[in-house]
Amino acid sequence: MPALAINVALAGVGNCASSLVQGIAHYSNGGANEAIGLSRWDMGGYRPKDIRIVAAFDVDPRKVGLDVADAIFAPPNCTTTFCTHVAPTGAIVAMGPVLDGVSAHMLEAPPERSFRIADLPQPSLREAAELLRRAETQVLVNYLPVGSEQAAAFYAEAALRAGAAFVNAMPVFIASDPGWARRFAEARLPLIGDDIKAQLGATILHRTLADLFARRGVRLDRTYQLNTGGNTDFLNMLNRDRLKSKKRSKTEAVQAAAEHRLDSDDIHVGPSDYVAWQKDNKVAFVRLEGRLFGGVPMNIELRLSVEDSPNSAGVAIDMIRAARIALDRGIGGVLAGPSAAWCKHPPAQLRDEEAEAAIEAFLRGGSPHATH
């Protein structure tokens, strides 16, 4: 039988971390009677209430020094509060390294909507790894802002040094980088990534429709996905230089589900604009154009509105549990099936039904490295 707890550290205490921590509390209390929003209540003997937050890093003075249970409600976080009874975790948010984690334009935005940087000493890699070790961290979840290439690498290295699995929920390519994949395999530490897929977000919906076209013999000619939102993620991505990996990640997720690759001029997938009053609500506009029998044209247009951060939290709970199961089995390296099922840019793309079959095989004791 597995141990009862999964010790988790967070790199970034933003909206996604808030939804995750609220979700753990929700499903540990009244929500335990109603497993809405979870694909699996029990995974390998682990339930949501078995996840413990033991450490966290951030750079904002409104969060650093607070218990995680308080920091998740501090500005500029703006996601919905769906659990008001989050007990103290005992984990105090530590100052993290800034590196490239904060875009310069973020400091020009109103403080209630944007990041600020605490005037505190930033940890060295050795110090960060030591904090993770002291907290007995088993899984480190990377929730840094889009475009944080150097900072993401810092925490991946810290996880390796601390002997922790690494769940890369954001679009910097760690799991899909052969060098990182090799190092985690050699260290016998699980690695899941890159870029978390929401439970029912624009990407999974777009993929499903592209796959439906292929299954029904409809030729997909062109498509777009336009997203707007008002959280710090969308504000951060107003700096287009930080968008390269995000746009690539989302585009490849849709391309992988289509019957044939579309020319780059015929597919546009990515964040489009920041609308402050939307806060953590994301609105996606999706259009697919194709040809039916006889070459007769058709198109689909839809609008999706979701609270962005809770939409990914249940998937994060699954990723954390899968990482811990792999740790229990002494398995290191990229978990290919879990990565394909729950991430937009895994090392190996699978159709969604194949990825789900890979998850089931893994949970039955099969190899998490199998991709079909």
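Structure above, values below:
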| read-out | value |
| --- | --- |
| Between helix 202-215 and the chain: long-axis angle, C-alpha atoms, 0 to 90°, nearest 10 | 30 |
| Cα long-axis angle, helix 125-134 against the chain (0 to 90 degrees, to the nearest 10) | 80 |
| Ranking by accessible area, most exposed first, for Phe184, Phe73, Phe293 with a 1.4 Å probe | Phe293, Phe73, Phe184 |
| Value of [θ]222 nm, deg cm²/dmol, for the chain, DSSP H segments ≥ 4, -39500 (n - 2.57) each, nearest 500 | -9500 deg cm²/dmol |
| Relative contact order computed over the chain (Cα-Cα under 8 Å; 6+ residues apart), in percent | 19 |
| Computed accessible area, Lys197, all protein chains, 1.4 angstrom probe, square angstrom | 10 |
| Highest-fluctuation residue, Pro111, Pro97, Pro75 considered, GNM on the chain with Cα pairs under 10 Å | Pro111 |
| Rg and Dmax [Cα atoms of the stretch 204-354; Å; Rg one decimal, Dmax integer] | 17.0, 55 |
| Solvent exposure, largest accessible area first (probe 1.4 Å, DNA, RNA and ligands not counted), of Leu200, Leu220 | Leu200, Leu220 |
| Rel. contact order, % - alpha carbon contacts under 8 angstrom, at least six apart, the stretch 125-239 | 21 |
| Alpha-carbon spread of the stretch 276-352, three principal axes, descending order, Å | 54, 41, 15 |
| Simple Cβ-charge dipole of the stretch 40-109, Lys/Arg +1 and Asp/Glu -1, about Cα centre, in debye nearest 20 | 320 |
| Nearest-10 value in Å² for the accessible area of Asp211, using the 1.4 Å probe | 20 |
| Three-way shape label, the stretch 3-65, alpha-carbon gyration tensor, a/c 1.5 | prolate |
| Loop-located GluC sites (Glu not before Pro) in the stretch 238-328 whose Cβ has at most 11 other Cβ within 10 Å (DSSP) | none |
| Order of exposure, largest accessible area first, which applies to His85, His206, His105 with probe 1.4 Å | His85, His105, His206 |
| Contact order normalised by residue count of the stretch 190-310, Cα under 8 Å, 6+ apart, percent | 34 |
| For the chain, built as a Gaussian network whose Cα springs stay under 10 Å, the top-fluctuating residue of Ser305, Ser103, Ser19 | Ser305 |
| Of Arg215, Arg52, Arg62, the one that fluctuates the most in a GNM where the chain has Cα springs shorter than 10 Å | Arg215 |
| Shape category assigned to the stretch 299-341 from the gyration tensor of Cα positions, a/c cut at 1.5 | oblate |
| Rounded tilt (10° steps) of 15-28 against the dominant C-alpha axis of the chain | 80 |
| Heavy atoms of Cys16 accessible to a 1.4 Å probe, total area in Å² rounded to 10 | 50 |
| Cα gyration tensor shape of the stretch 155-219, rounded if a/c is under 1.5, else prolate or oblate by comparing a/b with b/c | prolate |
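The values are calculated or read from the model by the stated rules, or taken from the named source; none is laboratory data. The shown structure was predicted, so the numbers you read here are calculated from the model rather than taken from an experiment. Ideal geometry is used to build each Cβ from the backbone, glycine not excepted, and the neighbour counts take in all protein chains shown. Accessible surface areas use protein heavy atoms only, side chains included; no ligands, DNA or RNA. Shrake-Rupley method; radii C 1.70, N 1.55, O 1.52, S 1.80 Å.
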